[in-house]
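Structure, as structure tokens:
The values are calculated or read from the model by the stated rules, or taken from the named source; none is laboratory data. None of these values were measured; they are calculated from a predicted model. Areas reflect the complete protein model, heavy atoms only, side chains present, ligands, DNA and RNA absent. Shrake-Rupley method; radii C 1.70, N 1.55, O 1.52, S 1.80 Å.
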Amino acid sequence: MKTDEQKAKEIAKLMEDGKGRDVVLLDISGLNSWTDYFVIVTITSSAHWQGLYKQAKDYAKDNDLQMHLADRKLSDGNDWNLIDFGNIVIHLMSENARTFYDLEKLWHAGKKLDY
């Protein structure tokens, strides 16, 4: 059985393979009580978001991950969307949102993982 860390690494790789830009995987397990890993991804459009969302949803189905708030639709102009698997949270962000919120800086105490 895969660990959450292995799944998070596979998800990060999946996002990169789906042309997600600047994919970052952070281990934040010791910093909060509600999740262990952030996968942060820059997206280029709502169509790009939909493609990555479908890949994540398929991965969840194949790897026994429970999606929270599933089947949410992206409206045009929505710059930041989450895919919540409980212990793994994917942040799909436009370049503007990624720069503005700067999650890597905000969660700087987290450990950046290679995948």
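The heavy atoms of W34 present about 140 square angstrom of accessible area, all protein chains included, probe 1.4 Å. Straight-line cross-link reach from K54 at under 12 Å between alpha-carbon atoms covers these aspartates and glutamates, not counting any fewer than eight positions away in the same chain: D71. Counting only DSSP H runs of at least 4 residues, each contributing -39500 (n - 2.57), and dividing by the residue count of the chain, the helix-based mean residue ellipticity at 222 nm comes to -11000 deg cm²/dmol.
Only Cα pairs under 8 Å and at least 6 apart count here; give the relative contact order of the chain as a rounded whole percent.
RCO, the chain: 32 percent.
Cα extents for the chain along the principal axes, largest to smallest and rounded to whole angstrom: 35, 32, 24.
Rounded to the nearest Hz, the phi-derived 3J(HN,Hα) couplings of region 98-115 under the Karplus curve 6.51 cos²θ - 1.76 cosθ + 1.60 (θ = phi - 60°) are 4, 5, 5, 7, 6, 4, 4, 6, 4, 9, 4, 6, x, 9, 6, 10, 7, 9, where x marks glycine and proline. Within the listed set F100, F85, F38, the residue fluctuating most in the Gaussian network model of the chain (springs between alpha-carbon atoms under 10 angstrom) is F100. Computed 3J(HN,Hα) for region 90-95, one whole-Hz value per residue from the Karplus formula 6.51 cos²θ - 1.76 cosθ + 1.60 where θ = phi - 60°, is 9, 10, 9, 10, 5, 4, glycine and proline marked x.
Taking D84, D62, D27 as the candidate residues, the one with maximal mean-square fluctuation in a Gaussian network model of the chain, Cα springs under 10 Å, is D62. Whole-Hz Karplus values for region 78-87 come out as 7, 8, 8, 10, 10, 10, 9, 9, x, 7 Hz, taken residue by residue from phi with 6.51 cos²θ - 1.76 cosθ + 1.60 and θ = phi - 60°; glycine and proline positions read x.
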